[in-house]
1. Amide H to amide H under 5 Å from A:GLN44: which residues, 5+ apart in sequence or cross-chain, H placed 1.01 Å off N in plane?
2. Can you give me the angle between helix B:182-191 and the longest principal axis of chain B, using Cα atoms only, in degrees from 0 to 90, rounded to the nearest 10?
3. Name the residues whose placed amide hydrogens come within less than 5 Å of the amide hydrogen of A:THR16, ignoring near sequence neighbours (fewer than 5 apart) on the same chain.
4. Using only the C-alpha atoms of chain A, find the volume of their convex hull and express it per residue in Å³.
5. Tabulate in residue order the Karplus-calculated ³J(HN,Hα) for region A:25-41, using 6.51 cos²θ - 1.76 cosθ + 1.60 with θ = phi - 60°, rounded to whole Hz; enter x for Gly and Pro.
6. Which ³J(HN,Hα) values in Hz, rounded to whole numbers, follow from the phi angles of region B:69-75 under the Karplus curve 6.51 cos²θ - 1.76 cosθ + 1.60, where θ = phi - 60° and Gly and Pro get x?
7. Quick one: net charge around B:GLU85, please, counting Lys, Arg +1 and Asp, Glu -1 for every other residue with C-beta under 12 Å from its C-beta.
8. Can you run phi through the Karplus equation (6.51, -1.76, 1.60; θ = phi - 60°) for region B:195-207 and list ³J(HN,Hα) in whole Hz, with x for Gly and Pro?
There are 2 protein chains.
Amino acid sequence: MVPDPATYPYARPALTVDCVLFGLDAEDLKVLLIRRKLPPFQDQWALPGGFVRVAETLDQAALRELREETGVEDVFLEQLYTFGEIDRDPRDRVVSVAYYALINLEDHPLEAGTDASQAGWFPLDPVPALAFDHRSIFTLALGRLQGKLRYEPIGFELLPAKFTLTQLQGLYEKVLGQPLDKRNFRKKILKMNVLVPLAEKQQNVRHRAAQLYRFDEARYQQLREKGFSFEL
Amino acid sequence: MVPDPATYPYARPALTVDCVLFGLDAEDLKVLLIRRKLPPFQDQWALPGGFVRVAETLDQAALRELREETGVEDVFLEQLYTFGEIDRDPRDRVVSVAYYALINLEDHPLEAGTDASQAGWFPLDPVPALAFDHRSIFTLALGRLQGKLRYEPIGFELLPAKFTLTQLQGLYEKVLGQPLDKRNFRKKILKMNVLVPLAEKQQNVRHRAAQLYRFDEARYQQLREKGFSFEL
DNA sequence: ACAAAAGTGTTCACGTTACACCCATGC
DNA sequence: GCATGGGTGTAACGTGAACACTTTTGT
């Protein structure tokens, strides 16, 4: 039950969002971190994030902070968990709604925004020491990503719109940290009927050019309504 | 990045918790609702919940509200999602961290607390009209419960400590809304080795007394570390 | 011609599904 | 003795895992 805020007697915790932004490049999965300009944790690495304003939703706040601090615009974004330990910020009671986000590094090179003196992509092992409880947030985000990858088609967010099956397999291997069998992987993913082959192949490779595919989102939604579930 | 709250220029949203408490009785799965004493949504049904205090964590706030409004003490509680739409409360900007909770109705009969004029258990179809965006919260909670039930052993939270395989199967059928094959269900769950048969049988039933089991939490954790995953 | 990655099928083991009858107990 | 739910095995089927060679392209 919600008492009338006009008569609400308690002090309010502050409310922030923090974002774990994952990107995939040719080598491996990376996470975006910001170097803090101010205390506490001055000059330490931290997740991009900031205070939620009263006139924006949580999702909007997360997108705004990502834009302001990293210049990133079009990302897949999903709420992760809300962190409310009492002492997670040494200055004040701050509750933070954490998000994870996925982006394709080939199409979106990083440009640091104005809020941060530095921003950079870091490989996952090891992740540098992080401010606040950001390591816990990061760890939870990675676990969620690994989990969701298995039963929802979110991996495509980390790839360019047109991709090869080898790229897709590589993505799964890098994120899950285990090798997969090429033939079985292809059989399984193609049988799902959510990938459409394009009338186009790889260019400028010094080996046999691979078929390019795109993920058919509409087809996926259609199948999902009939009880189909993506699983790898 | 988190600016110093001392110099923080923005108004703070209010922060609440709301709980979707599920209980299972002999007939079906039920949800606990509170009748609101005050406007807005006066006399409508709502989820138990209330404001988060600065000196308590989110989990503590959820447990406190459950205790105050329903008298319930020992529950399985897990954070669900944080709702931050701007107009979800007509009076003020209120962000709410939603939880879902599971309880065994046989061991814990309801006693309404002081905060609510009425509280009651409702079957799920149909759920009555709810205040605020509580229907969305409820719907998400039910989906989460159904999803988690399949790959985590949380169902036992809805049963008494000692239960029969038929009770367990009934729980799965009621929550997932589909019939299961008795022999296959038993084979599968027993093969997991997380149920221990007790030296005890049902009493006072007018048919063959069933074997009682308990869930072996320690064994489950042990198996889980070796890569085992509960699945039904 | 050689290096490099693309592409392709079959076999086997295992897990999932479907299915029907006898047993113990209380009334 | 009858009504009620408890308890059990097997066969067919489908899915997942293991595994190696030929093709295409650029240099």
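Laboratory data are not the source of any read-out in this text; all were calculated from the coordinates shown. Computed from a predicted model, the values in this text were never measured in an experiment. Cβ: placed from backbone, ideal geometry, glycine included. Neighbour counts: every protein chain shown.
1. A:ARG36
2. 80 degrees
3. A:VAL52, A:VAL95, A:SER96, A:VAL97
4. About 166 Å³ per residue, rounded to a whole number.
5. 3J(HN,Hα) across region A:25-41, in whole Hz: 10, 4, 7, 7, 7, 10, 10, 8, 10, 10, 8, 6, 8, 10, x, x, 6.
6. So the J values, rounded to whole Hz, are 8, 9, x, 6, 10, 9, 10.
7. Result for the local shell: -3.
8. Taking θ as phi minus 60°, the curve returns 10, 10, x, 8, 7, 7, 10, 3, 10, 6, 9, 9, 8 Hz for region B:195-207.
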